[in-house]
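Reading through the structure tokens given below for one structure.
The values are calculated or read from the model by the stated rules, or taken from the named source; none is laboratory data. This structure is a prediction, so every number in the text was calculated from the model and none was measured. Positions of Cβ are generated from backbone atoms using ideal geometry, with glycine treated the same way; all protein chains shown enter the neighbour counts. To get the accessible areas, we keep the full protein, side chains included, count just its heavy atoms, and leave off ligands, DNA and RNA. Shrake-Rupley method; radii C 1.70, N 1.55, O 1.52, S 1.80 Å.
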Amino acid sequence: MPIILFDGVCNFCNRTVNIILKYDQDAHFQFAPSQSTAGINMLQQYKLDQKASASVILIDNDKVYTKTDAVIQIATHLKGWPRLFMGLKFIPKFIRDLGYDLIAKNRYFLFGKKETCSIPSEKDSKKFIL
């Protein structure tokens, strides 16, 4: 099952995970905060540095997708309006990742930060690897 690593203390990232949960009607994904034990282990296993945790990371069949490549791959498995993000593939990677990096760099300033990772609801807890 594909795993999405995300910044567990970032408000924007947590909202994004909630959107994915809502539109992942086939329960295709599992999630792990990059600050969790499982997240840290996966970062090490796939030889990703801690800076990579500033990016959404999708691990699918031992293939690693980051930044907008991850967003596009995730969108292909969602229902509803989030599928629109598949359209990013028509924008050159260096341009779309430049925009991604700008948001990622300022995400705490723009959207805020929690002191600790959010705890998933009981309904969604089976989708999280901690």
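Of all residues in segment 55-81, which are open to solvent by 40 Å² or more (accessible area, probe 1.4 Å), of a type outside the set (Val, Ile, Thr) and under 21 Å from ILE129 (Cα atoms)?
Those that are open to solvent by 40 Å² or more (accessible area, probe 1.4 Å), of a type outside the set (Val, Ile, Thr) and under 21 Å from ILE129 (Cα atoms): ASN61, ASP62, LYS63, TYR65, LYS67, GLN73, HIS77.
Out of all the residues in segment 24-54, which are among the polar types (S, T, N, Q) and loosely packed, with under 13 Cβ neighbours inside 10 Å?
Result: GLN25, THR37, ASN41, GLN44, GLN45, GLN50.
Got at least one residue in segment 48-63 being assigned to a helix (DSSP H, G or I), touching a Lys or Arg at 6+ places or on another chain (Cβ under 8 Å) and either modelled with pLDDT of 95 or more or among the basic types (Lys, Arg) (or both)?
No, segment 48-63 contains no residue that is assigned to a helix (DSSP H, G or I), touching a Lys or Arg at 6+ places or on another chain (Cβ under 8 Å) and either modelled with pLDDT of 95 or more or among the basic types (Lys, Arg) (or both).
Assuming TYR108 fulfils every condition listed in (1) open to solvent by 40 Å² or more (accessible area, probe 1.4 Å); (2) over 17 Å from SER55 (Cα atoms) apart from one, which condition is it?
Result: TYR108 fails condition (2) only.
Quick one: which residue in LEU88, LEU5, LEU21, LEU84 is open to solvent by 50 Å² or more (accessible area, probe 1.4 Å) and of a type in the set (A, V, I, L, M)?
That would be LEU84, the only listed residue that is open to solvent by 50 Å² or more (accessible area, probe 1.4 Å) and of a type in the set (A, V, I, L, M).
Between residues in segment 47-70 that are closer than 17 Å to THR16 by Cβ and charged (D, E, K, R) and residues that are modelled with pLDDT under 90 and open to solvent by less than 40 Å² (accessible area, probe 1.4 Å), which pairs lie under 9 Å by C-beta distance while being six or more apart or on different chains?
Once the first residue is closer than 17 Å to THR16 by Cβ and charged (D, E, K, R) and sits in segment 47-70, its partners that are modelled with pLDDT under 90 and open to solvent by less than 40 Å² (accessible area, probe 1.4 Å) give LYS67/SER55.
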